[in-house]
Amino acid sequence: MYHHVYWTPQKIAQRLSLIAPLVYRQRQPLPPFGYIRLSSPLEVPPIGPDVDDSQWQTIPPNSYWGTWMTDFILRSRFQSPAGWDADHPVALFLPIGNAGDFSHPEVLAYIDGEPYAAADRHHHEIRLPRRWCDGKSHLLALHGWTGLGGYESSEPGTKLFMRECAVVQIDQPTRAFVAAAHNALEVAEQLSDNDPVKARLYNALNAAFKALDTRDPLGTAAFYDSVPPALSVLKAEIEAAGAPMDADVIAVGHAHIDVAWLWTLGQTRRKAGRTFSTVLRMMEEFPGYTFSQSQPQLYQYVEESYPEIFAQIKQRVQEGRWELIGGTWVEPDINAIGAEALARQFLLGRTYFHDHFGDVDTPVLWLPDTFGYSWALPQLIKQAGMKYFITHKMSWNQYNRMPHQILWWQGIDGTRVLTHFLTTPSGGEFLPHSTTYNGNVSAAEIVGTWENFTQKELHNELLTAYGYGDGGGGPTREMIQNIDNLANHPGAPRVRPGTVREFMQRIENELSDQLPVWNGEFYLEYHRGTLTSQGSTKRNNRKNEFLLHDAEFVAAWAALATGYRYPHDVLTAAWRLLCLNQFHDILPGSSIGPVYADSQRDHQQIRELGEQVREEALAALAQILPPQTA
């Protein structure tokens, strides 16, 4: 092909790397940060203007800082320069470090004491509203965690590299051009040389870059003046390159948060606040962006620690842009958990959603990461008022691939639940058919989502869940822009934002009588060691399941037979804490050691609550026993 001879894809990739930094028209560096370590994630952060930070360690730009798994505060000030064009958005650019495979370090930014937005390895930019672009000095406090792994320095005890942070002015046409060109290049790379769309996309990129003024020095007025006409050329040429594939992908924003795993519950409380604040800021910038989030426990953390953020979430739920999914209190283990506790997961989760968000339809049980699924689950899903089940974990089977990805799952009692296995390829796993719920909406993933699907004869619409999890802030700006650019892109499936619920409803309406039936458990051929690891945690769980059953029994008896007041709040608190400790990385035994120290303490608290209720109820019952006779 002509473009191979002239190295067109390599040339365009190099040009893109050259102009990408020009998205920022102007920048003003921030003063160096003051830094102090905190004792734990639950320590009240010193963020207010009255805090004396004069003795804090100074972290200048281009220096190493921080230690492994450290909670901290960074403090500085910023102001938007006078004379910056008000037509261009202004943002904080915060490249404070890179901690390996995860999104660490992660911070919640307080501006003048207000928790506003988060930053992490994948979200360096915080868009500023006009009220903070007034030319005045504003206090910036970053409350965060350095994370784990990924040392950047050979210097003992340090791992993060502080690049220059700044107030930046954004050139939107340049950002739009870079995103559109990047997507066109990625789509072309997925196509065969025999597909004429591939050559036409390279033609489009060539024509656009010829219209772009990239003479030295870059970043002049001549460059920025050339961007809008070059973008018009690119869009017109892409549209003329051909038709999209006859397949659709609904893109659902998501942030999988492991309630405990390589961090403790206290850290997860902070992760939820950071991630949810990032989602809210993105919703302000992108009106079409939708987000789906499970686990009422996370919402309760935010309700308790970040009431301002929780109020904003409630507003987005009412608008239909924030989808409540999951149904269970956490995403629990389904193998070692007891039958009554599994029912309580649904009862507590569904009740919390109803009490705090009203009559919102939440029909999807979302358990993408649990290590296998009991055959009893379909019956419980239906009895809890839900009807859909989604996972991806069965793609981690070590030997056998599941034969279908859209199916009816039939439970022990004959109850059927509409089930879907996500098909977005993970790209980096050693397992042969592994998929992901942490997609990035790249052309490779979108095409792979369709190619992985084994029932193309039945349906041409699929789902991709995208966004960085575990404190990573969920979707990035680039991911959301990719959805717009891939909405009708030649050579790729059509992509649009949406919800899990609408995807499953369409399958139910169109395919109910055509789907295969799976009759049995979903056994995961992986993570088998979790059935026996951390035996003391499993023992504590079972003993406390029995204890709460007994306590409830005698409390209900005492309430009916005497004037004893049933301790609803105490028992609810005990069950919530027990269900929390049944999370799929706590009860199975796949977390770090400090998680089990916390779990031991939690189980002791559950035991004290249960025994208190049991003994008080027995004492009340004893009062109505007939007096003993000699």
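Table for the structure above
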{"read-out": "Helix 535-561 vs. the chain, principal-axis angle (Cα, 0 to 90°, nearest 10)", "value": "60"}
{"read-out": "Per residue accessible area of the chain, 1.4 Å probe, in Å²", "value": "40"}
{"read-out": "Cut-off 13 Å between beta-carbons: net charge of the residues surrounding M394, Lys and Arg +1, Asp and Glu -1", "value": "-1"}
{"read-out": "Carbon and sulfur %, accessible surface of the chain computed with the full protein complex present, 1.4 Å", "value": "52"}
{"read-out": "Ranked packing of 238-251, 315-328, most packed first, by mean Cβ within 10 Å", "value": "315-328, 238-251"}
{"read-out": "By accessible area with a 1.4 Å probe, ligands and nucleic acids excluded, highest first: order of H459, H182", "value": "H182, H459"}
{"read-out": "Hull-based mean projected area of the chain, where the convex hull spans the alpha carbons, in square nanometres", "value": "34.5"}
{"read-out": "222 nm mean residue ellipticity, helices alone, for the chain (DSSP H n ≥ 4; -39,500 (n - 2.57); rounded to 500)", "value": "-12500 deg cm²/dmol"}
{"read-out": "Degrees between helix 296-305 axis and first principal axis of the chain (Cα, 0 to 90, nearest 10)", "value": "80"}
{"read-out": "Value in Å of the Kirkwood radius, where segment 256-349 supplies the Cα pairs that are averaged", "value": "14.1"}
{"read-out": "Cross-link reach list, aspartates and glutamates versus K136, counting only Cα pairs under 12 Å and skipping chain neighbours closer than eight places", "value": "D112"}
{"read-out": "In segment 518-585, the trypsin sites (Lys or Arg not before Pro) that fall in loop regions by DSSP, at most 10 other Cβ within 10 Å", "value": "none"}
{"read-out": "D369 accessible area, assembled protein chains, probe 1.4 Å, Å²", "value": "10"}
{"read-out": "Antiparallel %, DSSP beta bridges [both residues in the chain], to 5", "value": "65"}
{"read-out": "Segment 96-137-segment 480-505 distance, computed between alpha-carbon centres (Å)", "value": "28"}
{"read-out": "Cα centroid separation, segment 18-63 to segment 327-357 (Å)", "value": "40"}
{"read-out": "Positive-end residue of G439, T423, T391, charge dipole of segment 373-462 with Cβ unit charges", "value": "T391"}
{"read-out": "Unsatisfied cross-links (Cα-Cα over 20 Å) in the set K210/K235; K387/K538; K235/K456; K271/K387", "value": "K387/K538; K235/K456; K271/K387"}
{"read-out": "Area of H433 that stays accessible when all protein chains are in place (1.4 Å probe, Å², to 10)", "value": "80"}
{"read-out": "C-alpha center-to-center spacing [segment 388-467, segment 547-565] in angstrom", "value": "46"}
{"read-out": "Formal net charge of residues neighbouring Q505 (Cβ-Cβ distance under 13 Å; K, R +1; D, E -1)", "value": "-3"}
{"read-out": "Net charge, S80 excluded, C-beta distance under 9 Å - Lys, Arg +1, Asp, Glu -1", "value": "0"}
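The values are calculated or read from the model by the stated rules, or taken from the named source; none is laboratory data. Note that this is a predicted model, so its numbers are computed, not measured. Cβ atoms come from the backbone with ideal geometry, glycine included; neighbour counts cover every protein chain shown. With ligands, DNA and RNA removed, areas are computed over all heavy atoms of the protein, side chains included. Shrake-Rupley method; radii C 1.70, N 1.55, O 1.52, S 1.80 Å.
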